[in-house]
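See below for the structure under consideration.
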Amino acid sequence: MDQLTRLSTASIPFIDLAAQRRRLGRSIDDAIARVLDHCQFILGPEVSALESELAAFCGARHAVTCASGTDALLLVLMAKGIGSGDAVICPSFTFTATAEVVALVGATPVFADVEEETLNLDVQSLQRACAVARRLGLRPKVVIPVDLFGQPADYKRIASVAESEKLFVLDDAAQAFGATYGNRRLGAVATATATSFFPSKPLGCYGDGGAVFTDDAELAKVMCSLRVHGEGRDKYECVRIGLNGRLDTLQAAVLIEKLKIFPDEIAARERIARRYSAGLADVVKVPTVMESLASVWAQYTIRLACGRRDALAAALRRQGIPTAVYYPIPLHCQQIYREFPVAEGGAPVSERLAEEVISLPMHAYLDEDTQDRIIEAVRHSLGA
Ligand SMILES: Cc1ncc(COP(=O)(O)O)c(C=O)c1O
């Protein structure tokens, strides 16, 4: 094997956390060492410092950190008292956590379809989902739009449906913290916004973590209680059924350091996404970003006509280029969700997307030579 061939088959990471780690260097080590020194591992000073910084970053009045993105969604539903007989509308083309939390609180997830272009919640399907819920004797209470792959959902149109249907809007921004809608960052757009700090997310920690953002002081107060077993004046006074749902101090310390470089990483992601689109738009369907929005590009996801995806994935794998399929099965087709209702007309776009999408390596440290190698490999495999 000559030098060039060896180079061109060297494995590329899908997300390069090690490159970010090298950039952060001692700052992370020092931040962790400070926690090891003060030993306040649970709700230590870094947790409230991070909450202030996150709230300032996105423009929300309150940030309540918690143990994961799943808990962030759950805390909001619990705080709003959502339960049996309530319907919560979720897009079908998303990660299971969006709907899982609804079933966990005893409410009914009702699945709506997504839009062909943006892959985000289709507002007409949202209306049809509310109608189906009502016909089944359920009370539509909440809609959970998902900002899929980093792109904000269409909050203006969702807000007008939410107003007429009297729905609480809970933004599932697990993949999109850092993205902007008009001139606002997510966190300051919906009434409540949940995000995840899972390591591979645009802003990730070194384990599990999450946060909820809201301007509603009462909601924030209730969630602070819920994340500590429903504590009252202290944790030995129990005023509600809660969770052990706190963010570790160590993870908060890591996130404080990562937040410092986050704006720069967001800019790098945007640059890389534009390069992908410039190199691939003539051979595959590249992502469409709505006007006046900025995606944070958690994933760069292309679409291929049904049946061509597996061959592309195999060809790229042979050249050391990993790919991923988010999501191969829409939620309404998953065995565990089959008992739950779907908007009238079904979710045909979600079903088609599940056959067509494939995500390419995407992170802020993808250098141009490596990206060119990926673009060339995709073009070559598709015979372009
Ligand atoms: C859309 C969506 N919602 C919720 C979650 C749950 O986040 P976590 O893994 O931090 O619990 C994820 C995580 O991948 C997600 O992608």
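The values are calculated or read from the model by the stated rules, or taken from the named source; none is laboratory data. Because the structure is a prediction, the values reported are computed rather than measured. We place every Cβ from the backbone using ideal geometry, glycine too, and count neighbours over all the protein chains shown.
I'd like to know if the range 178-185 contains one or more residues that are out of contact with any Pro (no Cβ under 8 Å at 6 or more places or on another chain), farther than 19 Å from Thr94 by Cβ and buried (at least 18 other Cβ atoms within 10 Å of the Cβ). For the range 178-185, residues out of contact with any Pro (no Cβ under 8 Å at 6 or more places or on another chain), farther than 19 Å from Thr94 by Cβ and buried (at least 18 other Cβ atoms within 10 Å of the Cβ): present.
For Pro322, the conditions (1) of a type outside the set (S, T, N, Q); (2) buried (at least 21 other Cβ atoms within 10 Å of the Cβ); (3) away from the ligand (no atom under 16 Å from the Cβ); (4) more than 15 Å from Ser277 (Cα to Cα) all hold with the exception of (2). Would you confirm whether or not the range 23-44 contains a residue that is assigned to a helix (DSSP H, G or I) and farther than 17 Å from Ala252 by Cα? Checked against the condition, which is being assigned to a helix (DSSP H, G or I) and farther than 17 Å from Ala252 by Cα, the range 23-44 yields at least one hit.
Quick check: anything in the range 168-186 farther than 16 Å from Asp147 by Cβ, touching a Cys at 6+ places or on another chain (Cβ under 7 Å) and either within 14 Å of the ligand (Cβ to nearest atom) or among the charged types (D, E, K, R) (or both)?
Scanning the range 168-186, I find no residue that is farther than 16 Å from Asp147 by Cβ, touching a Cys at 6+ places or on another chain (Cβ under 7 Å) and either within 14 Å of the ligand (Cβ to nearest atom) or among the charged types (D, E, K, R) (or both), so the answer is no.
From the list Ser92, Ser164, the lone residue that is small (Gly, Ala, Ser) and within 16 Å of Val342 (Cα to Cα) is Ser92. Would it be correct to say that Glu53 is more than 20 Å from Leu226 (Cβ to Cβ) and out of contact with any Ser or Thr (no Cβ under 6 Å at 6 or more places or on another chain)? So Glu53 fits the description; yes.
Taking Ala153 as the residue in question, decide whether it is out of contact with any Cys (no Cβ under 6 Å at 6 or more places or on another chain), under 18 Å from Tyr327 (Cβ atoms) and of a type in the set (Gly, Ala, Ser).
The answer is yes for Ala153.
In this entry, Ala33 is excluded by the filter for residues that are over 19 Å from the mean Cα position of the chain (by Cα), surrounded by fewer than 21 Cβ atoms within 10 Å (Cβ to Cβ), within 22 Å of Phe177 (Cβ to Cβ) and small (Gly, Ala, Ser). Scanning the range 298-330 for residues that are in contact with a Phe, Trp or Tyr (Cβ under 7 Å, 6 or more places away or on another chain) and either within 18 Å of Ala153 (Cα to Cα) or β-branched (Val, Ile, Thr) (or both) gives Ala298, Gln299, Tyr300, Thr301, Tyr327, Pro330.
Run down Phe41, Phe95 and say which single residue is modelled with pLDDT of 95 or more, closer than 25 Å to Thr180 by Cβ, surrounded by fewer than 24 Cβ atoms within 10 Å (Cβ to Cβ) and not polar (S, T, N, Q).
Of the residues listed, the single one that is modelled with pLDDT of 95 or more, closer than 25 Å to Thr180 by Cβ, surrounded by fewer than 24 Cβ atoms within 10 Å (Cβ to Cβ) and not polar (S, T, N, Q) is Phe95.
When the criteria are applied in full, Asp172 meets the requirement of being buried (at least 20 other Cβ atoms within 10 Å of the Cβ), closer than 24 Å to Thr214 by Cβ, among the charged types (D, E, K, R) and at pLDDT 95 or above.
Residue count for the range 192-224 satisfying the condition of being away from the ligand (no atom under 15 Å from the Cβ) and either surrounded by 19 or more Cβ atoms within 10 Å (Cβ to Cβ) or touching a residue at least 40 places away in the same chain (Cβ under 8 Å) (or both): 9.
To keep it simple, each residue is scored yes or no on (1) more than 22 Å from Pro322 (Cα to Cα); (2) within 16 Å of the ligand (Cβ to nearest atom).
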| site | (1), (2) |
| --- | --- |
| Ile261 | yes, no |
| Tyr276 | no, no |
| Val284 | no, no |
| Gln299 | no, yes |
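In the range 144-161, the residues that are away from the ligand (no atom under 12 Å from the Cβ) form Cβ pairs under 9 Å with partners that are among the β-branched types (Val, Ile, Thr) and part of a helix (DSSP H, G or I), at six or more places apart or across chains, as follows: Asp154/Val123; Arg157/Val123; Ile158/Val123; Ser160/Val123; Val161/Val123.
Scanning the range 149-167 for residues that are surrounded by fewer than 18 Cβ atoms within 10 Å (Cβ to Cβ) and either in contact with a Ser or Thr (Cβ under 6 Å, 6 or more places away or on another chain) or at positive phi (or both) yields a single hit, Lys166. Within the range 232-274, the residues that satisfy the criterion of being in contact with a Leu (Cβ under 7 Å, 6 or more places away or on another chain) and among the basic types (Lys, Arg) are Arg240, Arg246, Lys258. Residues being in contact with a Phe, Trp or Tyr (Cβ under 9 Å, 6 or more places away or on another chain) and within 16 Å of the ligand (Cβ to nearest atom) are represented in the range 125-142 by at least one member. Can you work out which of the residues in the range 77-105 that are more than 29 Å from Val325 (Cβ to Cβ) and assigned to a helix (DSSP H, G or I) is nearest to the ligand (Cβ to nearest atom)? Result: Met78.
Counting only residues that are out of contact with any helix residue (DSSP H, G or I) (no Cβ under 8 Å at 6 or more places or on another chain) and surrounded by 24 or more Cβ atoms within 10 Å (Cβ to Cβ), the range 64-92 holds 2 of them.
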